[in-house]
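First the structure, in the form of structure tokens, and then the observations on it.
The values are calculated or read from the model by the stated rules, or taken from the named source; none is laboratory data. In this text the structure is predicted, and so the values were computed from the model without any measurement. Note: ideal-geometry Cβ built from the backbone for every residue, glycine included; neighbour counts use all protein chains shown.
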């Protein structure tokens, strides 16, 4: 899939992997539409990349955003659902408000936005859903986050089968910890970020890997490789992986 002159929507584009993806796709010659809540940062990035942008809170009504995109552009070629957040805490310490908000932003919003954009997604187009290794390899203090990412993984797998006859491809991105602002909200103590400092992924390198996978229309991007291997092992021998990986699971 050639990305030059393709109209690509990136949510959660004001920072982290979303920003890195926007920069990598700009180098490919894509026509970018950047979505995020933080308008000042979004405006600055859009100006730098000569991209369109919309400051929008996807926790509300993604359908309104989709209607705006349709009225303005008529069609899009790629939708990248990247917006999301996590919070590391035991379930009995997690507020209902946080649980519901994470469910809306990480699961319902990308599903609703995808559904609303399907009628004007071009044939041969693509949907990229940013999930996580947490959706495959659950760990303590992230029960709700793991649940939301597992939901997006299965949503993507089923949707891929539905859209195959229409020529629309669905790809998931399943990263481990990334060196981004994600940890600012997810880990108030900052202990986890320090504990995994030696294994965190570079957002720039991951973004280039994702862009390459988009060109090749791959099914999944999984990083780092050893975490994906652990996730596969977990599917076959969960007790063994939990025992072997206990020290890693407890880093939060």
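Could you grab me the full set of residues in segment 77-93 that are at pLDDT 95 or above, touching a helix residue (DSSP H, G or I) at 6+ places or on another chain (Cβ under 9 Å) and surrounded by fewer than 22 Cβ atoms within 10 Å (Cβ to Cβ)? Answer for segment 77-93, where residues must be at pLDDT 95 or above, touching a helix residue (DSSP H, G or I) at 6+ places or on another chain (Cβ under 9 Å) and surrounded by fewer than 22 Cβ atoms within 10 Å (Cβ to Cβ): just 91.
Exactly one of (1) within 30 Å of residue 141 (Cβ to Cβ); (2) part of a helix (DSSP H, G or I); (3) under 21 Å from the mean Cα position of the chain (by Cα) is unmet by residue 97. Its number? Evaluating residue 97 over (1) within 30 Å of residue 141 (Cβ to Cβ); (2) part of a helix (DSSP H, G or I); (3) under 21 Å from the mean Cα position of the chain (by Cα) leaves (3) as the failure. Residue count for segment 112-155, restricted to those that are under 27 Å from residue 234 (Cα atoms) and part of a helix (DSSP H, G or I): 16.
A single member of 71, 55, 51 is modelled with pLDDT of 95 or more and either under 19 Å from the mean Cα position of the chain (by Cα) or on the phi > 0 side of the Ramachandran plot (or both), and it is 55.
Identify all residues within segment 15-37 that are assigned to a helix (DSSP H, G or I), without any contact (Cβ under 8 Å) to a residue 40 or more places away in the chain and under 14 Å from residue 78 (Cα atoms); write none if there are none. Quick ask: steps written out before the conclusion?
Kept after step one, since they are assigned to a helix (DSSP H, G or I), are these residues of segment 15-37: 16-27.
This time we only want the ones that are without any contact (Cβ under 8 Å) to a residue 40 or more places away in the chain, so: 22, 26-27.
Passing the criteria: 22, 26.
Restricting attention to segment 123-156, the residues being surrounded by fewer than 18 Cβ atoms within 10 Å (Cβ to Cβ), free of Cβ contacts under 8 Å to residues at least 60 places away in the same chain and closer than 17 Å to residue 214 by Cβ number 1. In summary, residue 35 fulfils each of the numbered conditions (1) buried (at least 19 other Cβ atoms within 10 Å of the Cβ); (2) under 20 Å from residue 108 (Cα atoms); (3) in contact with a helix residue (DSSP H, G or I) (Cβ under 6 Å, 6 or more places away or on another chain) with the single exception of condition (3). Could you check, for segment 73-86, whether at least one of its residues is without any contact (Cβ under 8 Å) to a residue 60 or more places away in the chain and outside any helix (DSSP H, G or I)? So far as segment 73-86 goes, yes, one or more of its residues are without any contact (Cβ under 8 Å) to a residue 60 or more places away in the chain and outside any helix (DSSP H, G or I). Hey, could you check segment 99-122 for residues that are in contact with a strand residue (DSSP E or B) (Cβ under 8 Å, 6 or more places away or on another chain) and surrounded by fewer than 20 Cβ atoms within 10 Å (Cβ to Cβ) and say which is nearest to residue 77 (Cα to Cα)? Among those residues, the one meeting the criterion is 122.
Which of the helices (runs of 4 or more DSSP H) found entirely inside segment 197-252 contain at least 2 residues meeting this: touching a helix residue (DSSP H, G or I) at 6+ places or on another chain (Cβ under 7 Å) and at pLDDT 90 or above?
Hits in segment 197-252: 203-216, 225-236.
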